[in-house]
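Colleague: Following this message is one structure expressed as structure tokens.
The values are calculated or read from the model by the stated rules, or taken from the named source; none is laboratory data. Bear in mind the structure is a predicted one, so any value in this text is a computation, not a measurement. Because the Cβ atoms are built from the backbone with ideal geometry, glycine has one as well, and the counts that use them run over all protein chains shown.
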Amino acid sequence: MALDPGIIFIGDLVAIFSVYLIINLSLNLEFGFGGVPNFGKVLAVAGGAFVMGTIPFMVFGMLVDYGALEPVDDNIMLVHQINAYIEAHPESVLGVFAITLIVAVAVGGLLGLASAYPAIRLRGDYLAITLLGFGEIIRIIGINHTSLVGGTLGISVPDMLAFVPNEYRFLTASFVLLAFAGVIYLLVARFTKSPVGRLLRATRDDDLALQTLGRDPVKIKFKVMMLAGMLGAVGGVMYASYVEGVVAFGYDRLNWTFLPFVMIIVGGMANNKGVLVGTFLFVAIRKLVIYYNDSLDGLLPFDIIWLDYLALGGLMILVLIFRPHGIIPERPQKTESLEKG
Amino acid sequence: MNLLTVSELRKSFGGLHALDGATLDLHPNKINLLIGANGSGKSTLINTVSGLWAPNGGRVTLRGKDITGLPPHRIFEHGIMRTFQIPKHFAGLSLMENMLMAHPEPGESFRKALVPLQWKSYEASQTKKALGILESLELLPLRDKLSFEISGGQIKLLELGKTLMADTEIIMLDEPIAGVNPTLAHKIFKKIKEILKGGVTFLIIEHRLDIALHYADYVFVMGDGRVVAHDLPDRILDNKEVQESYLGK
């Protein structure tokens, strides 16, 4: 049974929205709240995706007899074999996916730490440019180190939902992603409502003043970059498992650094609801433009492929002119909410 | 044992010796006023003692313990708080949040953040304390305003409120009444006198001697990076060294 194009549209919208929501929440933590302009957001995302491209093969290797098959060289055949195993043993997915997520979180945290270490004592532009450099490194490693995720060709990864009947498979994936994103949203919202949220905003506003009030901003920035790295890596795992593959070329700074920045700036920084709105708006506009590409072709005085960049860029400029603090601006916590014991 | 002792403190910027062997001994539980002409090294002294800048020589001791050159957050942990000549506040935070930032809280731990049980009651008691302080400073109605929305005089009051929240033993104020009208200036110093009763010790830099000398318990005078004189406030202006440092020889 073929799925209705409308269902595919909505399912894909939900899935991509969920992936970006996770990544944008993590960027908002470090940039919107903590003031660390992480122009290397792609680092953690790609780190998570690469974990998804390697760890499941290792773990399934303990359950399935691969014979002479290699994850990268005999990728398609091996994935096929693993998917067949998943169909027969759906319960194995829970363990494998959990292990993959745990490794991804660890890798994301380490990448956050590694990029923070040389960068954190820098300020403003220098910090941003150093982090940008870190983001570039991982893609280059992924492309050139073929045994990691297949180099320029990329690899397919096992379908964690291979046990779901074909006609429900697609929507189940969207639903699972949305559930993950929802849980992460609630956790992040709870986290930023605590005194840590205030601490991070204070670090962003004036780290010198903060230092004279007994806190160590360097330590705080380390922690927030590690945490954001962990969440970013979860986003990477989610995306790679949704598209069932990892291609290092895909982890570029446009899609996984600049677009997240645009989404949180438009939605409203240091405000999780703003991130929600900005992410939804952007993903929806992008999908709509791509969906209606064909019907608009010829009506516009320029090539249709530029339409989504133009639309998104235009929207960002409009928001910056008319609502410079985003659609839902940052709001300090009201005293009443602090008072409740 | 002496509370805070600064001995032979040196700080140079290239060839400029901003501190050239400054020595002073704070009088505990008193308002210690630090005066001197522009460029005599008053702010440099506070910046160096509070850990903002590492000294090139000399020692700072707190109750005999060497705290020379520690980073600012460690100095704060030792019980020394400072304010800045141009008030530093968290512009994106409300007044109340600024107040709460003046003292570290258990809820600021990344690990405890998701478990409100571990910090809610502390946060509530700190909030109550802050409300009381804001009320006494007549800032209560502004508590949910962002700190960049209030006036310069109110910012000065907020700084004072933060010192009360911080609850440190020693408070160093860099020009607490600069740019403030005389009525408010007196109010600020009266408030400082009140805080003094809590057992704290003040080191205050101030240029407006007409007002500040009135409230000071003891006065240190700086000139050319050294403490050139110290005396009781009613005698200090007769000191020849002081006159020279302000007016030249």
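Colleague: Out of the stretch A:265-291, which residues are touching a Phe, Trp or Tyr at 6+ places or on another chain (Cβ under 9 Å) and closer than 14 Å to residue A:22 by Cα?
Modeller: Those that are touching a Phe, Trp or Tyr at 6+ places or on another chain (Cβ under 9 Å) and closer than 14 Å to residue A:22 by Cα: A:272, A:275, A:276, A:279, A:280, A:283.
Colleague: Further, regarding this structure: Counting just the residues of the stretch B:144-169 that are touching a His at 6+ places or on another chain (Cβ under 9 Å) and outside any loop (DSSP other than H, G, I, E, B), which one comes out surrounded by the most Cβ atoms within 10 Å (Cβ to Cβ)?
Modeller: That would be B:162.
Colleague: Follow-up question, since we're still on this one. In the stretch A:295-341, what count of residues is obtained for those that are more than 29 Å from the chain's Cα centre (by Cα) and either part of a helix (DSSP H, G or I) or within 14 Å of another protein chain (Cβ to nearest Cβ) (or both)?
Modeller: Residues in the stretch A:295-341 being more than 29 Å from the chain's Cα centre (by Cα) and either part of a helix (DSSP H, G or I) or within 14 Å of another protein chain (Cβ to nearest Cβ) (or both): 10 in total.
Colleague: Further, regarding this structure: Yes or no: the stretch A:167-174 includes at least one residue that is over 29 Å from residue B:119 (Cβ atoms), of a type in the set (Ser, Thr, Tyr) and buried (at least 19 other Cβ atoms within 10 Å of the Cβ).
Modeller: The answer is yes; a qualifying residue exists.
Colleague: For residue B:227, all conditions in the list (1) buried (at least 19 other Cβ atoms within 10 Å of the Cβ); (2) closer than 29 Å to residue A:210 by Cβ; (3) in the same structural domain as residue B:31 (by TED's automatic domain parsing); (4) of a type outside the set (Lys, Arg) hold save one; what is the number of the exception?
Modeller: (2)
Colleague: Which of the residues belonging to the stretch B:201-214 are in contact (Cβ under 8 Å) with a residue 60 or more places away in the chain and surrounded by fewer than 20 Cβ atoms within 10 Å (Cβ to Cβ)? Before you say what the answer is, go through the steps one by one.
Modeller: In the first step, residues of the stretch B:201-214 are kept if they are in contact (Cβ under 8 Å) with a residue 60 or more places away in the chain; the result is B:201-207, B:209, B:212-213.
Scanning the stretch B:201-214 gives B:207, B:209, B:213.
Colleague: Considering only the stretch B:1-47, state which residues are buried (at least 21 other Cβ atoms within 10 Å of the Cβ) and of a type in the set (Gly, Ala, Ser).
Modeller: Selection gives B:18, B:22, B:36, B:40, B:41.
Colleague: Can you find, within the stretch A:207-253, the residue that is surrounded by the most Cβ atoms within 10 Å (Cβ to Cβ) among those that are aliphatic (A, V, I, L, M) and under 30 Å from residue B:161 (Cα atoms)?
Modeller: A:224
Colleague: Take residue A:176 and tell me if it is without any contact (Cβ under 8 Å) to a residue 60 or more places away in the chain, within 19 Å of the chain's Cα centre (by Cα) and closer than 22 Å to residue A:22 by Cβ. Before the answer, list the steps.
Modeller: Numbers: without any contact (Cβ under 8 Å) to a residue 60 or more places away in the chain: yes; within 19 Å of the chain's Cα centre (by Cα): yes; closer than 22 Å to residue A:22 by Cβ: yes.
For residue A:176, the condition - without any contact (Cβ under 8 Å) to a residue 60 or more places away in the chain, within 19 Å of the chain's Cα centre (by Cα) and closer than 22 Å to residue A:22 by Cβ - is met.
Colleague: Another one. Tally time: how many residues in the stretch A:179-206 are more than 20 Å from residue A:19 (Cβ to Cβ), more than 7 Å from chain B (Cβ to nearest Cβ) and surrounded by fewer than 22 Cβ atoms within 10 Å (Cβ to Cβ)?
Modeller: Qualifying residue count for the region: 1.
Colleague: Restricting attention to the stretch B:103-135, and to residues there that are more than 10 Å from chain A (Cβ to nearest Cβ) and exposed (fewer than 15 other Cβ atoms within 10 Å of the Cβ), which single residue is farthest from residue B:83 (Cα to Cα)?
Modeller: Here the residue is B:117.
Colleague: Quickly run through the stretch B:51-86 and pick out the residues that are within 14 Å of the chain's Cα centre (by Cα) and facing chain A (nearest Cβ under 9 Å).
Modeller: B:51, B:52, B:72, B:75, B:76, B:81, B:82, B:83, B:84
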